[in-house]
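Below: one structure, written as structure tokens.
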Amino acid sequence: MARPRPLVAGNWKMNGSKVSLIEVESVKHGLSDITDVDIVICPPATLLSRATVVAGSSPVRIGGQDCHPRSSGAHTGDLAAEMLADAGATFVIVGHSERRADHREDDLTVRAKAEAAWRAGLTAILCVGETESQRRGGETLAVIDRQLANSVPDGTAPGNLVIAYEPVWAIGTGLTATPEIAEEAHAHLRSLMAGHWGDAGAAVRVLYGGSVTPENSAGLAAMPNVDGGLVGGASFDAGKFLGIISSFAA
Ligand code: PGA
């Protein structure tokens, strides 16, 4: 099967204000001849509308960082997937390990959020990954099996879902997984997806996330089952983000 088209997504987390939109502008202009990589920037929700205006008709897509399972209601402080779509988002991250930890989100909540994303016409970027102690205990593949089985909704397809393998010990720590460690998990995820959903599952993109930088992205991009990156810290700097994007370009 042909390799999926790469996707590089930036997750700004709880960082950024109006002035930070210059980074979106710089990514847009810096892309010049890169046409074979999909690009998404997920700013904080306060910047979504402005970011979509800045991205304009460029290849840069805008995404949310989380959504509520419901489409409206008495959920103070939450955002519905429909609201993200209304603000111009076309993607949304669900199940990030920081949300699983900070907001006690479990796999079934993550599944409901992915379904909410689909209901609103968004592509869900669904995160899975083991903690350091789970890796030390040899549980990595069992953990990601469980997360995938319980949180990926029925009806998944390359157009509505992206998986991000994000080992928790690698996020924001500078401890990137080696390309070989990433590849082992990605190949496993790909075969699980193919086992459940056949060719459509096998074509779902599997991104690597966890301390991706322009220095280590080429090694990750060389792995056959690494279809792109979910980039935190380095996505907040257009020069670094563009360096990572170019590693995934053909
Ligand atoms: P990081 O974050 O690149 O800063 O490690 C990745 C993520 O949390 O998505």
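Could you list the residues of the stretch 58-75 with an amide nitrogen less than 16 Å from a label point located 7 Å from the Cα of Met14 in the Cα-to-C-beta direction?
So the set is 65-67.
Comparing Arg119, Arg190, Arg205, which has the greatest mean-square fluctuation in the GNM of the chain with Cα pairs linked when under 10 Å apart?
In the Gaussian network model the winner is Arg119.
Two-decimal Rg/Rh of the stretch 142-250 from alpha-carbon positions, Kirkwood Rh?
0.97
Using the count of nearby Cβ atoms within 10 Å as a rough guide to exposure, how do Met14, Met193 rank from fewest to most?
Neighbour counts put them in this order, fewest first: Met14, Met193.
Which FRET efficiency value, to the nearest 0.05, do you get for Ala101 and Ala218 by plugging their Cβ-Cβ distance into 1/(1 + (r/R0)^6) with R0 = 30 Å?
0.50
Would you calculate the separation in nanometres between label points at Ile34 and Arg146, each defined as 7 Å from the Cα along the Cα-to-beta-carbon direction?
3.7
Which of Ala142, Ala117, Ala234 moves most in a GNM of the chain, Cα contacts under 10 Å?
Of Ala142, Ala117, Ala234, the Gaussian network model singles out Ala142 as fluctuating most.
Considering only C-alpha atoms, what is the centroid distance from the stretch 200-250 to the stretch 58-101, in Å?
22
If you rank Cys42, Cys127 by fewest surrounding Cβ atoms within 10 Å, what's the result?
Cys127, Cys42
On a straight-distance basis, which aspartates and glutamates could pair with Lys13 in a cross-link, Cα separation under 14 angstrom, same-chain partners fewer than 8 positions away excluded?
Leaving aside aspartates and glutamates fewer than 8 places away in the same chain, those within reach of Lys13 are Asp66, Glu98, Asp102, Asp237.
Taking N as the number of residues in the chain, what is its alpha-carbon radius of gyration divided by 2.2 N^0.38 Å?
My calculation over the Cα atoms of the chain gives 0.92.
Can you order the peptides 33-39, 74-80, 159-165 by their average number of other Cβ atoms within 10 Å per residue, highest first?
Result, highest mean Cβ count within 10 Å first: 159-165, 33-39, 74-80.
If I model a spin label as a point 7 Å beyond the Cα along the Cα-Cβ vector, how far apart are those points for Asp154 and Thr178 in nm?
Going by the 7 Å Cα→Cβ label model, 4.2 nm.
Roughly how large, in nm² to one decimal, is the mean projection of the convex hull of the alpha-carbon atoms in the stretch 128-185?
4.6
Quickly work out the Ser58-to-Glu25 label distance, labels modelled 7 Å from Cα along the C-beta direction, and quote it in nm with one decimal.
My value for the distance between the label points is 1.0 nm.
Report, by chain and number, residues whose modeled amide H sits under 5 Å from the one on Val94, excluding near sequence neighbours (fewer than 5 apart, same chain).
Hits under the 5 Å cutoff: Ile125, Leu126, Cys127.
Between the alpha-carbon centers of the stretch 4-30 and the stretch 139-195, tell me the distance in whole angstrom.
Answer, in whole Å: 23.
Every number in this text was worked out from the coordinates using simple rules, so none of it is lab data. Since we're looking at a predicted model, the values are computed, not measured. Note: ideal-geometry Cβ built from the backbone for every residue, glycine included; neighbour counts use all protein chains shown.
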